[in-house]
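Novice: Structure incoming, see below.
Every read-out reported here was derived from the displayed coordinates using simple, explicitly stated rules and does not represent laboratory data. Model, not experiment: these values are computed from the prediction. Here the Cβ positions follow ideal geometry from the backbone for every residue, glycine too, while neighbour counts run over all protein chains shown.
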Amino acid sequence: MPRTRVHNFSISLDGFATGEPQSLEAPFGHAGQRLHRWMMATRFWDEAGSAGVDYSFALQHSEGIGAEIMGANKFGPPGWPDDPDWRGWWGENPPFHTPVFVLTHHPRPDLVMEGGNTFHFLTATPAEALAAAREAAGGLDVRIGGGPSVVRDFLTAGLIDHLHVVVVPIVLGRGVRLWDGLEGIEAGYDVEAVSSPSGVTHLTFTRRAD
């Protein structure tokens, strides 16, 4: 059965998945790229990068994915719904190569781009969005791409089958946290931890069979 997955989701030691304030110039606020340097140092991001533990985890991001769901703040900076010309951060050939469902309070027509990327903008509950993404995924898995509020909402709704969280050894102090309101969420998952020489810790949460 197709699964709902989260991959390469980086958080700080104090649980923040993004800093503040977010803007066109600073998509992750004061965090900058510090949460993602572990991934950017691998061959997943750079052909000259490393091929160790971090690379192995990063690669799983794209395997068997047929659609993605993301929040409005991943698609663009604050205010992007008021700009009809905004087409995302990624240029004309975004890296998803699947249908992408953007959760927003400001729906707009579908955006068809190169490389098999079509963005659908919808106002929906997590369950409704997942149903639409599963239909578009053609029997493959659906990835929940973030940001933290979206991942948290899907966890709260009990819709995540596999969660890969990367704990980065920095303290951000402010921003948007992943775990707020999710007390005891680990009880429904088998949890494994793998430490990397880069200093990050990969946590995988796999839903337990009923």
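Novice: Select from P27, P197, P99 the residue whose mean-square fluctuation is largest in a Gaussian network model of the chain (Cα-Cα springs shorter than 10 Å).
Specialist: P197
Novice: So which GluC sites (Glu not before Pro) in segment 101-184 are both in a DSSP loop and have at most 16 other Cβ atoms within 10 Å of their Cβ? Walk me through the intermediate numbers first.
Specialist: Details: sites: E114, E128, E135, E183; in loops: E114, E183.
The qualifying sites are E114, E183.
Novice: With a 10 Å Cβ neighbour count serving as the proxy for reagent exposure, in which order, fewest first, do M113, M39, M1 appear? Could the numbers behind the result be given before it?
Specialist: Details: M113 17, M39 23, M1 5.
Starting with the residue having the fewest Cβ neighbours, the order is M1, M113, M39.
Novice: Next question, about the same structure. Hey, what number do you get for the chain at 222 nm if only DSSP H runs of n ≥ 4 count, each worth -39500 (n - 2.57), divided across all residues, to the nearest 500?
Specialist: Working: 5 runs with 36 residues, N = 210.
Computed mean residue ellipticity for the chain: -4500 deg cm²/dmol.
Novice: Now for a different question. Taking the Cβ-Cβ separation of R87 and E186 as r and a Förster radius of 30 Å, what is the calculated FRET efficiency to the nearest 0.05?
Specialist: On the way: r = 38 Å, r/R0 = 1.28.
With R0 = 30 Å, the Cβ-Cβ based efficiency is 0.20.
Novice: Which value, in debye to the nearest 20, gives the size of the charge dipole of the chain about its Cα centre, when Lys and Arg are +1 and Asp and Glu are -1 at the Cβ? Don't jump to the answer; show the numbers that get you there.
Specialist: Numbers: 15 positive and 25 negative charges, 50 e Å.
My answer is approximately 240 debye.
Novice: Quick one: work out Rg over Rh on the C-alpha atoms of segment 87-210, Rh as Kirkwood radius.
Specialist: Working: Rg = 16.3 Å, Rh = 16.5 Å.
Dividing the radius of gyration by the Kirkwood radius yields 0.99.
Novice: Then there is this: What is the spread of the Cα atoms of segment 139-210 along each of their three principal axes, largest first, in whole Å?
Specialist: Its Cα atoms span 35, 26, 26 Å along the three principal axes.
Novice: State to the nearest 20 debye the size of the charge dipole of segment 67-148 about its Cα centre, where the only charges are +1 on K and R beta carbons and -1 on D and E beta carbons. Could you put the intermediate results ahead of the total?
Specialist: Working: 5 positive and 10 negative charges, 39 e Å.
With only Lys, Arg, Asp and Glu charged at Cβ, the dipole is about 180 debye.
Novice: Once you have the Kirkwood Rh of the chain from its Cα pairs, apply Stokes-Einstein at 20 °C and 1.002 mPa s and quote D in µm²/s. Working shown, then result.
Specialist: On the way: Rh = 17.6 Å.
For these conditions, the coefficient is 122 µm²/s.
Novice: Moving on. Return the Rg/Rh value of segment 1-64, two decimal places, where both radii are evaluated on C-alpha atoms and Rh is the Kirkwood radius. Don't jump to the answer; show the numbers that get you there.
Specialist: Details: Rg = 13.6 Å, Rh = 13.1 Å.
That ratio is 1.03, to two decimals.
Novice: Right, here's the next one. Under the rule of at least 5 residues apart or a separate chain, name every residue whose amide H is placed under 5 Å from the amide H of S50.
Specialist: Here T42, R43 satisfy the definition.
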